[in-house]
Amino acid sequence: MTRALLGVELAYWQSTLIRVLAGLVAVLLLTGGVVYLYLFKFVSFMQSRLGPMEAGPYGSLQLLAEVGKWLQKEDIHTEDSDRTIFGLAPAVVLSSTFLMFVVIPAGPDLVIANLGTGIYYVLAVSSLSVLGILMAGWASANKYALLGGLRAAGQLIAYELPLVLAVLGVVIQAGSLNLQDIVAAQSGGSIFGWDGIGNPFILTQFVAFGIFMVAVQAELTQTPFDMPIAESELVAGYQVEYTGIRFLVYFISEFATAVGFAAVASTLFLGGWALPASWGLSDGVMHVVGPLMISTKAILLVGVVFWARFSLPRFREDQLQTLAWKFMIPIALANIVVTGVLKVVF
Amino acid sequence: MTGVLAASTSFAVPANVAFAVMAVFMVAAAVRVVTTKNVVHAALWLVVVLGGVGLNYLLLQAEFVAMTQFLVYLGAVVVLFLFGIMLTRAPLGVSDDLDNSQRRLGVVIGVLLLAVLSFALVRSFGADKLTFEAYDQGAEVARAVGENGRTQAISDSIFGEYLIPFEVTSVLLLAALIGAIVLARKD
């Protein structure tokens, strides 16, 4: 992109600045779209109601109204709270979310940084949000917040393992940690010699895909895994003392992480931005089609997450830990062994 | 690996500047870990120190090691520290009982450790020169091996040259794990 596009030669910092700004806009647009589409409308239709209808056509400007409302609120904290840590916590959670998007490719050259350790980097930075949640729970000086923070930490650590192990199957099959290489392996692959649709890894790694999506549901603390913010027991968990713009940061971070993990899942299992290489589309076309492909896939996968969220009741804490340690981790390990054996055999 | 680094620009000066900045932050944070009067703050200052170590790995272009540092130390070890502190006692504000009477011994051991480590490092690597050279990202070679080259080199040495130490370490960790369970379970 920096070399050929429009014949303009950009310095490294210029192209990086453009990439970061474009990435930020894309992430916020997708997050806003997902909130409107699923949190406002999809759930309303599932519950036989209309949802927001007043702000803008079909309530499409509702989100802007809500953001405006949050921005006006007074910044409150409890008297005993540790103000520095209390203020830093949302920033830690939000940076962990935004850093995730750095390596997710949306086209042949549309990626902020094409890191060699791509998917491993995503897992590493996404695990940092636990720190922010624990900080929030402790600094709020509220026992419900502390309980929520502890629950969240236990849950996120437990589900980090199946998440990593599920990804390993894909990494073994693609032979690379780099997300662009994983995309290329899928678009250039073939199913027993037939390359009409490439070889999306969901066909061979369907077990890993299932485990990944369940673990993502838990990492996002969406129902049925929302014990950290269980409203009937803990009011709102670690978020209970947050108001105004800080609450808004948690809100954005929650849904941006949903978009991020959905984009990662579509890159790993559904072919990412690429169309099958056998269709013979040029890089120029893919610069335009690629972002649309990955956005569509990510939005559909977020839809699956929210469908589960609005359909299932909450688990108990012990059921959640049992599911992770006794079922998902063994199945993920078995998947790795089978993948490894098949990789050597074929 | 050789050949990838050819015909690329050196970034020794920015690397040194970045290292100096990070080193100042890390030393300051490390001092705060032991001087702060709040247990949770100590654990959070430790995040700065361990994160700085990760950034140093990045500076040395050891991407995989850096990511492991972030995932294991920041995402798991410090989180478990915080988890343990908050499950037992995590008072807000200042606690006065965090200090003990072993300051002098601590200083002696600290200086001793610094001397031993410096000696070992200078003795082993004193003659080596670090080359801070950027990958030429446009080159076909870099596309083929460069981006994953370092990671592959690490996996080659873990599962080749250092296979036995690696396996022995994992058995050691397993022993520690079983030991912890035996100690913790009363029945």
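The values are calculated or read from the model by the stated rules, or taken from the named source; none is laboratory data. It should be emphasised that the depicted structure is a prediction, and the values quoted were computed from it without experimental measurement. All Cβ positions, even for glycine, are placed from backbone atoms using ideal geometry, and neighbour counts span all protein chains on display.
Worth pointing out:
- Being within 10 Å of chain A (Cβ to nearest Cβ) and of a type outside the set (A, V, I, L, M, F, W, C) holds for only one residue in B:GLY54, B:GLY106, B:GLY84, B:GLY110, and it is B:GLY54.
- Test set (1) without any contact (Cβ under 8 Å) to a residue 60 or more places away in the chain; (2) buried (at least 17 other Cβ atoms within 10 Å of the Cβ); (3) assigned to a loop (DSSP other than H, G, I, E, B) - A:TRP273 fails condition number: (1)
- The residues of region A:57-86 that are more than 22 Å from A:ILE299 (Cα to Cα) and part of a loop (DSSP other than H, G, I, E, B), listed by number, are A:LYS73, A:GLU74, A:ASP75, A:ILE76, A:HIS77, A:THR78, A:GLU79, A:ASP80, A:SER81, A:ASP82.
- Checking each residue in region A:133-144 for being facing another protein chain (nearest Cβ under 10 Å) and either in a helix (DSSP H, G or I) or over 30 Å from A:ILE85 (Cα atoms) (or both) picks out A:ILE133, A:LEU134, A:MET135, A:GLY137, A:TRP138, A:ALA139.
- Subset of region A:101-115 (residues that are crowded, with 24+ Cβ neighbours inside 10 Å and in contact with a Phe, Trp or Tyr (Cβ under 8 Å, 6 or more places away or on another chain)): A:VAL103, A:PRO105, A:ALA106
- Residue in region B:91-99 that is more than 25 Å from A:LEU177 (Cβ to Cβ) and buried (at least 18 other Cβ atoms within 10 Å of the Cβ) present: no
- Options A:LEU123, A:LEU147: the member that is within 11 Å of chain B (Cβ to nearest Cβ), closer than 24 Å to B:ALA66 by Cα and either surrounded by 24 or more Cβ atoms within 10 Å (Cβ to Cβ) or touching a residue at least 24 places away in the same chain (Cβ under 8 Å) (or both): A:LEU123
- The condition (being of a type in the set (A, V, I, L, M, F, W, C) and at pLDDT 80 or above) is satisfied by just one residue among B:LEU98, B:LEU105, B:LEU130: B:LEU105.
- Here A:GLY116 passes the criteria (1) over 19 Å from A:GLU254 (Cα atoms); (2) facing chain B (nearest Cβ under 9 Å); (3) free of Cβ contacts under 8 Å to residues at least 60 places away in the same chain except the one numbered (3).
- Residues that are farther than 14 Å from A:LEU342 by Cβ and within 14 Å of chain B (Cβ to nearest Cβ), drawn from region A:172-204: A:SER176, A:LEU177, A:ASN178, A:LEU179, A:GLN180, A:ASP181, A:ILE182, A:VAL183, A:ALA184, A:ALA185
- A:ILE229 satisfies every condition listed in (1) touching a helix residue (DSSP H, G or I) at 6+ places or on another chain (Cβ under 7 Å); (2) at pLDDT below 80; (3) closer than 22 Å to A:THR204 by Cα except (3).
To keep it simple, each residue is scored yes or no on (1) in contact (Cβ under 8 Å) with a residue 60 or more places away in the chain; (2) in contact with a strand residue (DSSP E or B) (Cβ under 8 Å, 6 or more places away or on another chain); (3) more than 9 Å from chain A (Cβ to nearest Cβ); (4) over 30 Å from B:ARG150 (Cα atoms).
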{"residue": "B:VAL21", "(1), (2), (3), (4)": "no, no, yes, no"}
{"residue": "B:MET26", "(1), (2), (3), (4)": "no, no, yes, no"}
{"residue": "B:VAL39", "(1), (2), (3), (4)": "no, no, yes, yes"}
{"residue": "B:LEU60", "(1), (2), (3), (4)": "yes, no, yes, no"}
{"residue": "B:GLU63", "(1), (2), (3), (4)": "yes, no, no, no"}
{"residue": "B:GLN69", "(1), (2), (3), (4)": "no, no, no, no"}
{"residue": "B:ALA76", "(1), (2), (3), (4)": "no, no, no, no"}
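- Any hit, region A:150-170, residues being over 18 Å from the mean Cα position of the chain (by Cα) and farther than 30 Å from A:ASP80 by Cα: yes
- With respect to being of a type in the set (A, V, I, L, M, F, W, C) and crowded, with 19+ Cβ neighbours inside 10 Å, B:VAL27 falls outside the description.
- Test: A:VAL130 is in contact (Cβ under 8 Å) with a residue 12 or more places away in the chain, more than 9 Å from chain B (Cβ to nearest Cβ) and aliphatic (A, V, I, L, M): no
- Among the residues of region B:60-77, at least one is of a type in the set (A, V, I, L, M), surrounded by fewer than 18 Cβ atoms within 10 Å (Cβ to Cβ) and over 23 Å from A:SER96 (Cβ atoms).
- Flag if A:LEU94 is away from chain B (no Cβ under 12 Å), touching a Gly at 6+ places or on another chain (Cβ under 7 Å) and surrounded by fewer than 22 Cβ atoms within 10 Å (Cβ to Cβ): no
- Sole residue being within 14 Å of chain A (Cβ to nearest Cβ), at pLDDT 75 or above, in a helix (DSSP H, G or I) and surrounded by fewer than 10 Cβ atoms within 10 Å (Cβ to Cβ), chosen from B:ILE154, B:ILE181, B:ILE164: B:ILE181
- Scanning region A:290-323 for residues that are surrounded by 15 or more Cβ atoms within 10 Å (Cβ to Cβ) and aliphatic (A, V, I, L, M) yields A:MET293, A:ILE294, A:ALA298, A:ILE299, A:LEU301, A:VAL302, A:VAL305, A:ALA308, A:LEU320, A:LEU323.
- In the set A:PRO105, A:PRO162, only one residue is away from chain B (no Cβ under 11 Å) and in contact with a Ser or Thr (Cβ under 8 Å, 6 or more places away or on another chain); that residue is A:PRO105.
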